[in-house]
1. In segment 22-64, which residues are part of a helix (DSSP H, G or I), surrounded by 15 or more Cβ atoms within 10 Å (Cβ to Cβ) and of a type in the set (S, T, Y)?
2. What tally of residues in segment 1-35 results from selecting those that are within 14 Å of L78 (Cα to Cα), in contact (Cβ under 8 Å) with a residue 24 or more places away in the chain and aromatic (F, W, Y)?
3. When both residues are 6+ apart or on different chains and their Cβ atoms are under 6 Å apart, which pairs have a first residue that lies in segment 36-65 and is under 17 Å from G77 (Cβ atoms), and a second that is assigned to a loop (DSSP other than H, G, I, E, B) and open to solvent by 40 Å² or more (accessible area, probe 1.4 Å)?
4. May I ask you to list the residues in segment 1-55 that are hydroxyl-bearing (S, T, Y) and in contact with a Lys or Arg (Cβ under 6 Å, 6 or more places away or on another chain)?
5. For segment 67-87, which residues satisfy the criterion of being at pLDDT 95 or above and open to solvent by 50 Å² or more (accessible area, probe 1.4 Å)?
Amino acid sequence: MLKDIVEVTARPSYKLFVRFEDGISGEFDLAAATGFAGVFAPMRDSTVFASVTVNKELGTVQWPNGADLDPDVIYAGLTGISVQLAA
């Protein structure tokens, strides 16, 4: 699919407002998607969670510890379209 994320904002309850280059936008629940396992464990801290930025080279969201999310997974989560069908 390869649609880039162009905007991200941390919101309460571990939700990310995300906007893609094609205008699709919405809230993505980081806690539900990751369970704060592995590299996402530090995001339980609201200050760390709020440090999310857009990695413009990769077109996805990232945190200072190197954690990032596949933009296809976020896009599918926002639209309900499976990654395979949207490709």
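The values are calculated or read from the model by the stated rules, or taken from the named source; none is laboratory data. Predicted model, so just to flag it, every value in this text is computed and none were measured. Glycine also receives a Cβ, built like all others from the backbone with ideal geometry; neighbour counts cover every protein chain displayed. The accessibility values were calculated without ligands, DNA or RNA, using every heavy atom of the protein model including side chains. Shrake-Rupley method; radii C 1.70, N 1.55, O 1.52, S 1.80 Å.
1. Within segment 22-64, just T34 meets the criteria.
2. 2
3. What qualifies is G59/D4.
4. Across segment 1-55, the qualifying residue is only S25.
5. Listed by number, the list holds a single entry, D68.
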